[in-house]
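The block underneath contains the structure these notes are about, expressed in structure tokens.
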Amino acid sequence: MKVSFRINNDLSELDTLFEQLQTLEHRWSLSRRTLAELNLVLDELITNTIKHGKCHQEYPIDITLTKTGMKLTIEIVDSGLPFDPTLCKLPDPSLPLEQRKCGGLGIFLVRQFSDCWNYTRSNNLNILTLQKTLPKEHR
Amino acid sequence: MEATITKENNATIFSLNGRLDSNSAPQLEKQLQDFLTTPCSHLVFDFNNLDYISSAGLRVVLNTAKAYKSGQYLFLTCAMQEHVQEVFEISGFDTFITIHRSIDESLSALLNKD
């Protein structure tokens, strides 16, 4: 089962992302919780892509979700400036308030709610692939 | 996402509605501006009607907590939906942010403080 859609490199497109994912809730029998996790993972990655893309021009971001049994594979492809989110330094969630900084939290959440990921740069494209195993309730 | 701001007893309540992501967080930041520069009452974030939060939203909450940390007024949160609370807990935010179950619980806690 495969779904692909395209959005622009604009934060307002996060609403489009949500709408697209909502259609999968019924089609792929995803739980509310899984949908929320998926939304969060894609939101954080796309937000980073847009913020670090640094292009003062419009370019598309292509998202593909593939469901094979209990495994979900997500691919995000964009033509922005080279940006590898897997290299971002993660925050320490055990630090007290005074020491907590704002950076890296998005990537941290992506890591928490996905199993593994891989970044490549090819033909001037950023290609990020993520895997997420669906919980037992989807059987 | 525009918060509804109300006052009750000794507290200002921000009722957050809908979704708080990198697109809508700046709007909330704008509403909070004066409250963060010059806190003049206790502050409560009511999450009852918030369906979704991303790191951009967490950042706003973090900055609010920092602004209220050393002053005389308290910053509390309440009524988080399950997956919103999960995001807070996974990020370790529940260690320095008070999360009450309801707005009544928050307001009672504040009345006992003054």
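What follows draws every value from the coordinates through simple rules; no lab data is involved. If you're wondering where the values come from, they're calculated on a predicted model, not measured in any experiment. Virtual Cβ from ideal backbone geometry, glycine too; neighbours counted across all protein chains shown.
Within the protein assembly as shown, antiparallel bridges make up roughly 70 percent of the DSSP beta bridges whose residues both belong there.
Compactness ratio for segment A:6-86: Cα radius of gyration over 2.2 N^0.38 Å (N = residue count) comes to 1.12.
Ranking of B:H100, A:H52 by neighbouring Cβ atoms within 10 Å, starting from the fewest: A:H52, B:H100. Only Cα sites of the protein assembly as shown enter the Debye sum here, all with the same form factor; the resulting log10 I(q)/I(0) across q = 0.13 1/Å is -0.84, listed in q order. Semi-axes of the equivalent ellipsoid for segment A:57-139, computed as √(5λ) from the eigenvalues of its C-alpha gyration tensor and ordered from largest down, come to 25, 22, 9 Å. Counting only DSSP beta bridges with both residues in chain B, the antiparallel share comes to about 25 percent. Rg and Dmax of chain A, based on Cα coordinates, read 15.2, 46 Å.
Per-residue Cβ neighbour counts within 10 Å put A:K67, A:K101, B:K66 in the sequence A:K101, B:K66, A:K67, beginning with the fewest. Spatially, segment B:54-114 and segment A:1-48 are offset by 27 Å when compared through their Cα centroids. When B:S106, A:S31, B:S41 are arranged by Cβ crowding within 10 Å, least crowded first, meaning fewest neighbours, the order is A:S31, B:S41, B:S106.
The Cα center of segment B:1-22 and the Cα center of segment A:54-104 differ in position by 29 Å.
Since only B:T37, B:N63, B:N17 are under comparison, the one whose Cα sits farthest along the positive direction of the charge dipole of the protein assembly as shown, derived from C-beta charges on Lys, Arg, Asp and Glu, is B:N63. Annotation: chain B has a Kirkwood hydrodynamic radius of 13.9 angstrom, from the mean reciprocal C-alpha pair distance.
Peptide packing: for A:126-135, B:17-26, the average count of neighbouring Cβ atoms within 10 Å per residue gives the ranking B:17-26, A:126-135, highest mean first.
Where a Cα-Cα gap under 16 Å defines reach, which aspartates and glutamates qualify for B:K66, not counting those fewer than 8 residues away within the same chain? Candidates past the 8-residue exclusion: A:E98, B:E29, B:D34, B:D94.
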